[in-house]
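Okay, structure first, notes after.
The values are calculated or read from the model by the stated rules, or taken from the named source; none is laboratory data. Treat the numbers as computed from the prediction; the structure is a model and nothing was measured. Note: ideal-geometry Cβ built from the backbone for every residue, glycine included; neighbour counts use all protein chains shown.
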Amino acid sequence: MIQYTIAIVDDEETIRDSLELVLTPAYTVHLYEDAESFLASLDSSVPDLVLMDIGLPVMSGIEALERLKADHPDVPVIMITAYEEISMVIRSMKNGAFDFILKPINPDILELTIQKAAASIALVKEVKLLQEKYLKENEPCFIGESKNIENVMDFINMVSKSPDTPIMILGETGTGKELIAKAIHARSPVFQGPFVAVNCSAFPEELLESELFGYEPGAFSGARPQGKKGFIEEADKGTLFLDEVADLSPAGQAKLLRFLESGEFYKVGGTRKLTVQTRVVSATNKDIETLVEKEKFRKDLYFRLCVVRADIPSLNQRPDDILPLAKHFLYEFSRKFDKDLKGFSSEAQALLLAHNFTGNVRELRNIVERSALVARTGLVSVADLGLRSGAAFCQGSGPGQSWDEATAGRDDCGLQDDSVEIPEAGIHLTDLLTGIERRYMALAVEKAGGNESRAAKLLNMNHHTFRYRWKKLKTQ
Ligand SMILES: Nc1ncnc2c1ncn2[C@@H]1O[C@H](COP(=O)(O)OP(=O)(O)OP(=O)(O)O)[C@@H](O)[C@H]1O
Ligand SMILES: [Mg+2]
């Protein structure tokens, strides 16, 4: 049997000692005489259960409870209180205390309250273990080492915990929105329930309603005689992923809104009101806010779907992910094609870093798939990558022409008016330029075999300026 650890926080020595006497050896007990020393101990270990006096000196038990709950919401806390502090008890229960016991402490009540708490700890631990196992077995590998994507994942971890808050994922095509939707499901309390993905642009308008809501037997000609469950019903007690949601027709938007407002719906041809509980995650690569402004997407539906919004940065905005992702995909395809590919040559790595990924991670994956297929040696070379130009920001190199030849002596970086576009959502020019600068510097360093003075020469830069900028950009 697992032995639970109980922290006792009370300034009265007699109470600490008597509680310790009653609780050992059944539990491992740690004693603290004030809130400060208890909170400090959390850095090294977190107890399974806390018995906390309300009337502590300096920081009160209520404040300590709040602080504990902010970082460790799952740890049950039983407040110890004198009768006259009953208003404090109410406050602490509101702040998430599990229960309270009155002084003088009755050992039978203490035992009962602790048993109740232990049952809840066991449940929390069991669910946690199950979820970890589920994540290990089911979650597709999500690669992300850049600060940008780390921030997104921290945010996702936080918002996934609520079981029913709708989340909208926005990002360019191929940034990994579907993978993130699956990550939200896997981290949510309904992780054992179904994850149902619906591509809203895949159905003609007349089919959408029956696909979403299902139909009763004989609802229309050509319908299955036994009727059909719709995606919404399939997603009961799980997650409904509405992909390409901006492509919903006006009629589809109205029907979806009606369901989201009430949680209720009718099957096509049905008269029975059905109810489901599902978390709706939606995604689009369109500029949905502009669509709302232009009244192409209903504002009320947008607000329903976008209670929480997650913006996935483009791959160009997170160059630190390019090589880890490329290596991950290379490993995947190396196994698939039964090859022994070990990595990318340093020139090939530099070229990947300098590439403008308009198709984001999907484009990178395709490039690696093709390279893995054609690579003749264990290292993927520049030629294997099959990229005509080093950087799309520097287009203009013809077939057979090296990137250096194509761009040498040009001060416009090959940028032609028709070679780039500004998306409707606009761009962050400064970030973009920083990204380009970082990639060219990385490329130059690679090309110069790590010699920064030579790299500076390649870019026609003063080597002090180069060193200063390079150091800064590497840590940004
Ligand atoms: N961080 C990542 N780690 C591993 N693979 C990734 C990552 N991001 C994306 N991918 C892979 O890239 C491909 C595209 O991702 P996904 O389909 O999730 O993109 P999307 O944003 O939904 O694109 P679209 O808007 O075109 O539907 C998939 O094969 C996915 O597995
Ligand atoms: Mg998608």
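Within segment 291-328, can you find the residues that are among the aromatic types (Phe, Trp, Tyr) and surrounded by 17 or more Cβ atoms within 10 Å (Cβ to Cβ)? Steps first, answer last, please.
Step one: filter segment 291-328 for residues among the aromatic types (Phe, Trp, Tyr), giving 297, 302-303.
Once the filter is applied, which keeps residues that are among the aromatic types (Phe, Trp, Tyr) and surrounded by 17 or more Cβ atoms within 10 Å (Cβ to Cβ), segment 291-328 yields Phe297, Tyr302.
Yes or no: Lys286 part of a loop (DSSP other than H, G, I, E, B) and within 16 Å of ligand 2 (Cβ to nearest atom)? Break it down stepwise before answering.
Details: part of a loop (DSSP other than H, G, I, E, B): yes; within 16 Å of ligand 2 (Cβ to nearest atom): yes.
Criteria met by Lys286.
What's the total number of residues in segment 358-377 that are more than 12 Å from ligand 1 (Cβ to nearest atom) and touching a helix residue (DSSP H, G or I) at 6+ places or on another chain (Cβ under 7 Å)? Can you show your working first?
We begin by selecting, within segment 358-377, every residue more than 12 Å from ligand 1 (Cβ to nearest atom); these are 370-377.
Still in the list and also touching a helix residue (DSSP H, G or I) at 6+ places or on another chain (Cβ under 7 Å): 371-372, 374-375.
Within segment 358-377, residues that are more than 12 Å from ligand 1 (Cβ to nearest atom) and touching a helix residue (DSSP H, G or I) at 6+ places or on another chain (Cβ under 7 Å) number 4.
So for segment 177-195 (the condition being within 16 Å of ligand 2 (Cβ to nearest atom) and assigned to a loop (DSSP other than H, G, I, E, B)), does at least one residue qualify? Explain how you work it out, then say what you get.
Within segment 177-195, the subset within 16 Å of ligand 2 (Cβ to nearest atom) is 177-185, 195.
Those still in the list that are assigned to a loop (DSSP other than H, G, I, E, B) too: none.
No, segment 177-195 contains no residue that is within 16 Å of ligand 2 (Cβ to nearest atom) and assigned to a loop (DSSP other than H, G, I, E, B).
Which is in contact (Cβ under 8 Å) with a residue 60 or more places away in the chain and surrounded by 20 or more Cβ atoms within 10 Å (Cβ to Cβ), of Ala246, Ala283?
Working: Ala246 fails: in contact (Cβ under 8 Å) with a residue 60 or more places away in the chain.
The unique qualifying residue is Ala283.
Restricting attention to segment 329-346, which residues are in a helix (DSSP H, G or I) and surrounded by fewer than 18 Cβ atoms within 10 Å (Cβ to Cβ)?
First, the residues of segment 329-346 that are in a helix (DSSP H, G or I): 329-336, 346.
Selection gives Tyr331, Glu332, Arg335, Lys336, Ser346.
Name the pairs: first residue in segment 302-322 and more than 16 Å from ligand 2 (Cβ to nearest atom) and assigned to a helix (DSSP H, G or I), second residue modelled with pLDDT under 95 and of a type in the set (S, T, N, Q), Cβ to Cβ under 7 Å, at least 6 apart or on different chains?
Here the result reads Asn316/Asn356; Gln317/Asn148; Asp320/Ser146; Asp321/Ser146, each pair linking segment 302-322 to a residue that is modelled with pLDDT under 95 and of a type in the set (S, T, N, Q).
Does at least one position in segment 244-263 carry a residue that is within 16 Å of ligand 2 (Cβ to nearest atom), at pLDDT 90 or above and outside any helix (DSSP H, G or I)? I'd like the intermediate steps shown before the answer.
Keep residues of segment 244-263 that are within 16 Å of ligand 2 (Cβ to nearest atom), which gives 244-248.
From the residues that got through so far, the ones that are at pLDDT 90 or above too are 244-248.
Cutting the leftovers down to outside any helix (DSSP H, G or I) gives us 244, 248.
Yes, that holds for at least one residue.
Determine if segment 390-399 includes at least one residue that is closer than 18 Å to Leu315 by Cβ, aromatic (Phe, Trp, Tyr) and at pLDDT below 50.
yes
Consider Leu351 carefully, then state whether it is assigned by TED's automatic domain parsing to the domain that holds Arg439, closer than 25 Å to Thr434 by Cα, modelled with pLDDT of 90 or more and among the hydrophobic types (A, V, I, L, M, F, W, C). Step through it out loud before you land on a result.
Numbers: assigned by TED's automatic domain parsing to the domain that holds Arg439: yes; closer than 25 Å to Thr434 by Cα: yes; modelled with pLDDT of 90 or more: no; among the hydrophobic types (A, V, I, L, M, F, W, C): yes.
Taking the combined requirement at face value, the residue does not satisfy it.
What's the number of the condition Thr28 fails, among (1) farther than 30 Å from Ser162 by Cβ; (2) in contact with a helix residue (DSSP H, G or I) (Cβ under 8 Å, 6 or more places away or on another chain); (3) of a type in the set (S, T, N, Q)?
Checking Thr28 against (1) farther than 30 Å from Ser162 by Cβ; (2) in contact with a helix residue (DSSP H, G or I) (Cβ under 8 Å, 6 or more places away or on another chain); (3) of a type in the set (S, T, N, Q), the one that fails is (2).
Those residues that are among the aromatic types (Phe, Trp, Tyr) and out of contact with any Leu (no Cβ under 7 Å at 6 or more places or on another chain), I need them from segment 64-102; list them, please.
Once the filter is applied, which keeps residues that are among the aromatic types (Phe, Trp, Tyr) and out of contact with any Leu (no Cβ under 7 Å at 6 or more places or on another chain), segment 64-102 yields Phe98, Phe100.
Just checking, how many residues over segment 149-176 are part of a helix (DSSP H, G or I) and within 14 Å of ligand 1 (Cβ to nearest atom)? So that I can check it myself, show each step before the final result.
In the first step, residues of segment 149-176 are kept if they are part of a helix (DSSP H, G or I); the result is 149-160.
Narrowing the set further to residues that are within 14 Å of ligand 1 (Cβ to nearest atom) leaves 149-153, 156.
Qualifying residue count for the region: 6.
Could you check segment 48-65 and list, in sequence order, the residues that are within 32 Å of the chain's Cα centre (by Cα), part of a helix (DSSP H, G or I) and not aliphatic (A, V, I, L, M)?
Applying the first criterion (within 32 Å of the chain's Cα centre (by Cα)) to segment 48-65 yields 48-50, 63-65.
Pick out the ones that are also part of a helix (DSSP H, G or I) and you get 63-65.
Glu63 - this is the single residue of segment 48-65 that is within 32 Å of the chain's Cα centre (by Cα), part of a helix (DSSP H, G or I) and not aliphatic (A, V, I, L, M).
More than 34 Å from the chain's Cα centre (by Cα), farther than 16 Å from Asp34 by Cα, assigned to a loop (DSSP other than H, G, I, E, B) and in contact (Cβ under 8 Å) with a residue 12 or more places away in the chain: does that describe Ile101? Don't jump to the end; show me each part of the working.
Numbers: more than 34 Å from the chain's Cα centre (by Cα): yes; farther than 16 Å from Asp34 by Cα: yes; assigned to a loop (DSSP other than H, G, I, E, B): no; in contact (Cβ under 8 Å) with a residue 12 or more places away in the chain: yes.
When the stated conditions are applied, Ile101 does not pass them.
Filter segment 187-203 for residues that are out of contact with any His (no Cβ under 6 Å at 6 or more places or on another chain) and within 14 Å of ligand 1 (Cβ to nearest atom); which is nearest to Ile149 (Cα to Cα)?
Ala197
Take the residues in segment 224-243 that are crowded, with 18+ Cβ neighbours inside 10 Å and in a loop (DSSP other than H, G, I, E, B); name whichever of them is farthest from ligand 1 (Cβ to nearest atom).
Checking each candidate, the answer is Gly230.
Which ones in segment 269-280 are in contact with a helix residue (DSSP H, G or I) (Cβ under 8 Å, 6 or more places away or on another chain), outside any loop (DSSP other than H, G, I, E, B) and surrounded by fewer than 19 Cβ atoms within 10 Å (Cβ to Cβ)?
If the condition is that a residue be in contact with a helix residue (DSSP H, G or I) (Cβ under 8 Å, 6 or more places away or on another chain), outside any loop (DSSP other than H, G, I, E, B) and surrounded by fewer than 19 Cβ atoms within 10 Å (Cβ to Cβ), then Leu274 is the only one that fits.
Any idea which of (1) away from ligand 1 (no atom under 16 Å from the Cβ); (2) within 20 Å of Ala197 (Cβ to Cβ); (3) not small (Gly, Ala, Ser) is the one Val124 doesn't satisfy?
Going through the list (1) away from ligand 1 (no atom under 16 Å from the Cβ); (2) within 20 Å of Ala197 (Cβ to Cβ); (3) not small (Gly, Ala, Ser), Val124 breaks only (2).
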